[in-house]
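What follows is one structure encoded as structure tokens, with my remarks underneath.
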Amino acid sequence: MPRLNIKKHTICTLGSHCALQVLKGAKDEGFKTLLICKKTRQNLYQRFSFIDEIILVNEFNEMFNTTIKKIISRENLYIIPHGTLISDIKLSTLEKLQIPIFGNKHILKWESDRKLKQRLMEEAKLSTPKEIKNKKQIKNLSIVKLHGAAGGKGYFLAWNEKSFNIRCKKLIEKKIIKSEDDLYIQEYSVGVPVYFHFFYSPLKNDVELLGIDRRYESDIDGLGRIPATIQQNINLDPTYNVIGNSPLVLRESLLYDAYSMSERFVAATSRLVKPGIPGPFCLEGVYDNNGNFTVFEFSSRIVAGTNLFIDGSPYSTLLFNIPMSMGRRIARELKLGIKKNRLSELLT
Ligand code: ATP
């Protein structure tokens, strides 16, 4: 059998989000690495020796211009999608793209469409917050969200129709939304937020938990610094804009259910969105005081919270004898796919 020369294979991503983790992991597994980078960020990314090649662009959608497309269409090059690829490139463009993308690009549409997202979570028998179809039905504490992945920006709390109207009007005045139809109301799940980083390996037919984080959101997470008596007087309207992430470990007794949830989710994706969910995904939700988890969101690709664990996490250490980041785990799966001639199960 010919010896595998992994250096002939390239892992490519966009310079943003978790690019450093992805390309470091790729290099550690022996791949060549290529970064598509905005000119304004060149000074940052050129500092890292594990990036072999940088293509400079003004905007990321230039990656479809003839010259750049030719470079990235070369044989044995795989693109790793992350949050910036999804926010900066239209899903319809990605769907048509001939260059191999790691994971299932068709599931990204399910992540960005609230109805499809709900259908997938129900298929996986995940417990989810109740949707409130009309502002007149707001009876309990509710969270009001903008459509699409806004990273929590502009989200607000409402507890009745009046409180909804006041905050909705402010968003319209600031031209953040056009009308209240741009908002989605969901029951607020009381408890503590937890974000699970899973990896599904089709080649091993196994789900791995590689890390857990919690998000640090402004200004909801800063409220505890202001005494309640003062909060009442200063007309505070907290929102949920992600600023950073902190690591988390769960009570061990909760892990069994976490793994079951992830397995049901993987099975549901393979039924509803072929070929399922090869690679990283994140289940995001809230634990209540009985240890029950309500999932308010999933991400069907690598999330930025995995940047915490470039050197591995307490959970990846239980599974691997070397520091295993999510980026490296992706590269390792690709390497196995190349060795076993099963790449088609990992790419779309
Ligand atoms: P991203 O795409 O970055 O995950 P998003 O725009 O889809 O963000 P969500 O993850 O749905 O937004 O929500 C942002 C934040 O709002 C969460 O991190 C959490 O703190 C809070 N949140 C969302 N839904 C609920 C809920 N039902 N109950 C309690 N808190 C919630």
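Values quoted throughout were computed directly from the atomic coordinates according to the rules given, and no laboratory measurement underlies them. This one's a predicted model, so the numbers in the text were calculated from it and none came from an experiment. Cβ placement follows ideal geometry from the backbone for every residue including glycine, while neighbour counts extend to all protein chains displayed.
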| remark: Other residues with Cβ under 13 Å from the Cβ of Leu336 give, with Lys and Arg +1 and Asp and Glu -1, a net charge of +4
| Cleavage-rule hits (chymotrypsin sites (Phe, Trp or Tyr not before Pro)) in region 1-71: DSSP loop, at most 16 neighbouring Cβ within 10 angstrom | Phe48, Phe50
| query | Do the sum for the chain: with -39,500 (n - 2.57) for every DSSP H run of n ≥ 4, divided by all residues, what is the mean residue ellipticity at 222 nm, to the nearest 500 deg cm²/dmol? | reply | -8500 deg cm²/dmol
| message | Is the C-alpha gyration tensor of region 143-193 telling us rounded, prolate or oblate? Criteria: a/c under 1.5 is rounded; beyond that, a/b larger than b/c is prolate, otherwise oblate. | response | oblate
| Taking the Cα centre of the chain as the origin and placing charges on Cβ (Lys, Arg +1; Asp, Glu -1), which of Phe296, Ile72, Val192 is farthest toward the positive end of the dipole? | Ile72
| query | Which whole-Hz couplings ³J(HN,Hα) result when phi for each residue of region 3-11 is put into the Karplus expression 6.51 cos²θ - 1.76 cosθ + 1.60, θ = phi - 60°, listed in order with x for Gly and Pro? | reply | 6, 6, 9, 5, 5, 7, 10, 10, 9
| query | Just for the chain, what percent of DSSP beta bridges are antiparallel, to the closest 5? | reply | 75
| request: Would you grab the residues whose amide H sits under 5 Å from the one on Arg301? Only those 5+ places off in sequence or on another chain, please, with H modelled 1.01 Å from N. | output: Cys282
| From the cross-link list Lys27/Lys274; Lys8/Lys109; Lys24/Lys339; Lys70/Lys335; Lys109/Lys162; Lys70/Lys117, which pairs have alpha carbons spaced over 28 Å apart? | Lys27/Lys274; Lys8/Lys109; Lys109/Lys162; Lys70/Lys117
| note | Between Lys153 and residues 5 or more places away or on another chain, the pairs with built amide H atoms under 5 Å apart involve Val242
| query | Using a Gaussian network for the chain with springs between C-alpha atoms less than 10 Å apart, which of these wobbles most: Arg214, Arg114, Arg251? | reply | Arg251
| request: Set the Förster radius R0 to 25 Å, insert the Cβ-Cβ distance between Asp182 and Asp288 as r into 1/(1 + (r/R0)^6), and round the FRET efficiency to 0.05. | output: 0.25
| request: For region 103-191, run through the chymotrypsin sites (Phe, Trp or Tyr not before Pro) and keep only the ones in DSSP coil with at most 15 other Cβ atoms within 10 Å of their Cβ. | output: Trp159
| Inter-site label distance for Gln232 and Lys274 at 7 Å from Cα along Cβ, in nm | 6.1
| field | Euclidean distance of C-alpha centroids, region 251-330 and region 12-78, integer Å | value | 26
| field | Rel. contact order, % - alpha carbon contacts under 8 angstrom, at least six apart, region 29-131 | value | 17
| message | 5 Å is the cut-off here: which amide hydrogens, built 1.01 Å from N in the peptide plane, fall below it relative to Asn245, excluding neighbours closer than 5 in sequence? | response | Tyr216
| message | Below 8 Å, C-alpha to C-alpha, sequence gap of six or more: please give me the relative contact order for region 131-187 in percent. | response | 49
| remark: the chain: longest segment with zero exposed GluC sites (Glu not before Pro), where exposed means DSSP loop plus at most 11 other C-beta atoms within 10 Å, is residues 76-348
| In order through region 218-228: 3J(HN,Hα) via Karplus (6.51 cos²θ - 1.76 cosθ + 1.60), integer Hz, x for Gly, Pro | 9, 10, 4, 7, x, 5, x, 7, 10, x, 4
